[in-house]
1. Using R₀ = 35 Å, calculate the FRET efficiency as 1/(1 + (r/R₀)^6) where r is the Cβ-Cβ separation of residue 567 and residue 530; round to 0.05.
2. For region 57-184, compute Rh as the Kirkwood radius over C-alpha pairs and then the Stokes-Einstein diffusion coefficient at 4 °C and 1.567 mPa s; write the answer in µm²/s, rounded to an integer.
3. Relative contact order of the chain: what whole-number percent is it, with Cα pairs under 8 angstrom and at least 6 residues apart?
4. Given the Cα-Cα distance of residue 72 and residue 506 and 0.36 nm per residue of separation, how much length would full extension add, in nm?
5. What FRET efficiency comes out for the pair residue 61/residue 130, r = Cβ-Cβ distance, R0 = 22 Å, nearest 0.05?
6. How compact is region 419-569 by the rule of thumb for globular proteins, expressed as Cα Rg over 2.2 N^0.38 Å?
7. Quickly work out the residue 546-to-residue 236 label distance, labels modelled 7 Å from Cα along the C-beta direction, and quote it in nm with one decimal.
8. So what are the ³J(HN,Hα) numbers for region 236-241, from phi and the Karplus equation (6.51, -1.76, 1.60; θ = phi - 60°), rounded to whole Hz, Gly and Pro as x?
Amino acid sequence: MTGHPHFDRPDRPEKPRAKDSVAEVASTVDTATHAMFSELTGGLSPAALGLVYMDWALHLAASPGKQAELAYSAFEKQTEFAQYLTRCAMGGSTGRCSAEQRKDRRFRHPDWEAKPFSAYKEAFLLAQEWWEEATSNVRGVSEADEKAVRFAARQVLDALSPANFPVTNPEIIEKTVESNGTNIVAGMRNYLDDLQHTMLHERFGAESDYAVGKTLAVTPGKVVYRNHLIELIQYEPATAKVRPEPVLIVPAWIMKYYILDLSAHNSMVKYLTEQGYTVFMISWRNPDADDAELGFDDYRLQGPMAALDEIEKITGAQKIHSAGYCLGGTLLSVAAATMARDGDERLASMTLFAAQVDFTEAGELMLFINESQVAFLEDMMWKKGYLDATQMSGAFQLLRSADLVWSRIQHEYLMGEKPRYNDLMSWNADTTRMPYRMHSEYLRKLFLENQFADGKFMVGDEPVFPGDITVPIFAVGTETDHVAPWKSAFKIEALTRSDVTFVLTNGGHNAGVVSEPGHPRRHYMVHTSNDKDRYLSPDHWQEVADREEGSWWPAWTKWLDDRSGDAVKPPKMGKALCDAPGTYILME
């Protein structure tokens, strides 16, 4: 692959023709150097991290008042800790000198209240509080850099937690004594197994009982259309009559679609067919180096637009319900805005699962998205022609390192526990890649520059804007989403001219969406805002929304029913190319 990885950069001045060859060689050398460094840093730009640190450190160095405040806080916490140790030594009630203790799940085991482990815990939590103060409210530091340096400090602290070390974690000591040290042997075996998987590029959990086409993605259906980027699956009807409007589901291209068709008991696809809907699903191809030049508009045209055309041919439907998950929802929103601009009225409604159209408050994932970081990722992708799944998963794991990294090390390597895979974990390990150009355009134009929400995102010769969308919208946000925070997903209400029913459900980015009826301890809030209603802030919305117990899926299908025609005989199945789940889903 040749050329420089930066796309659509009019701000890059053209060099004189005589210097073109020199400039090209220099650019290639720089790109190759950055790509080499990326292997050592896990795709994180050292320059980006350095700039964040310098912004904080220089402003802190120039703030004697903040320094004095931190010095006083350190003295106060040391005094508090000394008093705590004195109470412990005298045998009195130890109490708690850190309010954070009540919220930190790492120290829930009762043995953390025993000596000397309570002292380790309290010292760590007090240090954690101090660093939170040190990285917050430093005058002059940009909001983005403050969040980034606070995040970086948390990563270091998470690594240094006493819960991570065998001699300071009472749970590990207890396990070692009970098992006569066999947990250490089992933990080493788990580590070597994981190392082997990594070295051989094998998928974690591949040896579990969960397998695509056998226990996962088993809802009956046929692949009825295929192009270079998608296979379109039509699922067999499960009822004698169906609604005349089929449902097209657009999953994210960075994950395989079957999170929405997991096991029989929690398959959204199966549930929809049982509610009387004809369901179509896009299954994305796993791209390789030959697909490096595929861009965002290729995904729009060969994805939802091609699927809509084929669904119309197969069913004859005049109107089609659409649903998009995560980045698939972003892609669907761009497609819907383009259709509205061009007078294409085939959409009956649009449903968004944990999807964003405005990225100004896209959570901690934005800590990885700035000019330096995007340029570094572009250079990294230049080497292979795509972004590898392991590089993406590393960034997501950092967002919840205490739960996804260090907790795993404690339980699997130090306590010797073998993880019990479930269907969601098996899906999560079945990763995909992203093409070089597509990912670069997505990060730069949508995440970094927020062009779609600002009405500057070009599709063809004209920009598109969410405000052109008028079809009814059902949008779902999840309470603990680290990828698409619900308050960011909530912005769809203000950005479109649609009637929006917004649902806030408990759970995270994946578990909150896979929330089938009968799932224990589920609840949600729901409220509909009409286009003419005054704007509600997210906090105000929570005050007026209705709280319901159970799964939100029945509320969604009721919403679809109200916007669908009377049930009719199911349409014929399209010409089958192969059985579901198809071939693209099996691509490694």
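1. 0.80
2. Taking Rh from Cα pairs, D becomes 79 µm²/s.
3. RCO, the chain: 19 percent.
4. 152.3 nm
5. Efficiency, from the Cβ-Cβ distance: 0.80.
6. 1.21
7. Result for the modelled spin labels: 3.7 nm.
8. So the Karplus estimates, Gly and Pro as x, are 5, x, 10, 10, 5, 10 Hz.
The values are calculated or read from the model by the stated rules, or taken from the named source; none is laboratory data. Note that the structure is predicted; figures quoted are calculated from it, not measured. Cβ sites come from the backbone with ideal geometry, for glycine too, and all protein chains shown count toward neighbours. For accessibility, only protein heavy atoms count, side chains too; no ligands or nucleic acids. Shrake-Rupley method; radii C 1.70, N 1.55, O 1.52, S 1.80 Å.
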